[in-house]
């Protein structure tokens, strides 16, 4: 019997992810709110964030997915490519991972990363410490209301915008340096 419920029980293992491409589309750097869900065996992506010109890997007509938001049928499988988690480390890239496309009106997250992804990448959820561990990096479990706020979203994206701009123009921060120019003799 639970008698002592604290505010810590409302924290969730979630993060911001940036996908360079979804389904071989030309979309670049799609930012998504993701849930790390060890109870889901598969990775799911919401239909609303999949570009219209995506290339499906395959389809699943006989599969049903049961979510807290309700039961749904995935339409097809799409590849998430060049996935980064800026809250852990912007420089680590996951090459490719398949995701089932689902269309559920009550799904709050853009992507639900299931046990297949967590195991493949070595991501561990520590509820007792309120942390998510990936490689040597940790992030805290998030309060859902704060995670879905505009302020949190922009606090993560503001530093990334500079990096994306540099990627598009070909400039690299490490290539920029200043030095004193001496007079010629």
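The values are calculated or read from the model by the stated rules, or taken from the named source; none is laboratory data. Since the structure is predicted, the reported quantities are computational estimates derived from the model, not experimental observations. Neighbour counts are summed over all protein chains in view; Cβ atoms, including those assigned to glycine, are modelled from backbone coordinates with ideal geometry.
Any residue in segment 67-75 that is surrounded by 13 or more Cβ atoms within 10 Å (Cβ to Cβ), closer than 30 Å to residue 129 by Cβ and at pLDDT 90 or above?
Within segment 67-75, not a single residue is surrounded by 13 or more Cβ atoms within 10 Å (Cβ to Cβ), closer than 30 Å to residue 129 by Cβ and at pLDDT 90 or above.
So residue 136 clears everything in (1) closer than 17 Å to residue 33 by Cβ; (2) out of contact with any strand residue (DSSP E or B) (no Cβ under 8 Å at 6 or more places or on another chain) except one condition, right? Which one?
So residue 136 meets the others, but not (1).
Considering each residue of segment 88-107, count those that are outside any strand (DSSP E or B) and over 14 Å from residue 121 (Cβ atoms), and give that number.
Of the residues in segment 88-107, 5 are outside any strand (DSSP E or B) and over 14 Å from residue 121 (Cβ atoms).
Among all residue pairs at least 6 apart or on different chains, which show Cβ distances below 6 Å where the first residue, located in segment 112-139, is at positive phi and the second is surrounded by 15 or more Cβ atoms within 10 Å (Cβ to Cβ)?
So the pair list comes out as 130/11; 130/141.
Tell me yes or no: at least one residue of segment 87-103 is within 22 Å of residue 154 (Cβ to Cβ), crowded, with 17+ Cβ neighbours inside 10 Å, touching a strand residue (DSSP E or B) at 6+ places or on another chain (Cβ under 9 Å) and at pLDDT 90 or above.
Scanning segment 87-103, I find at least one residue that is within 22 Å of residue 154 (Cβ to Cβ), crowded, with 17+ Cβ neighbours inside 10 Å, touching a strand residue (DSSP E or B) at 6+ places or on another chain (Cβ under 9 Å) and at pLDDT 90 or above, so the answer is yes.
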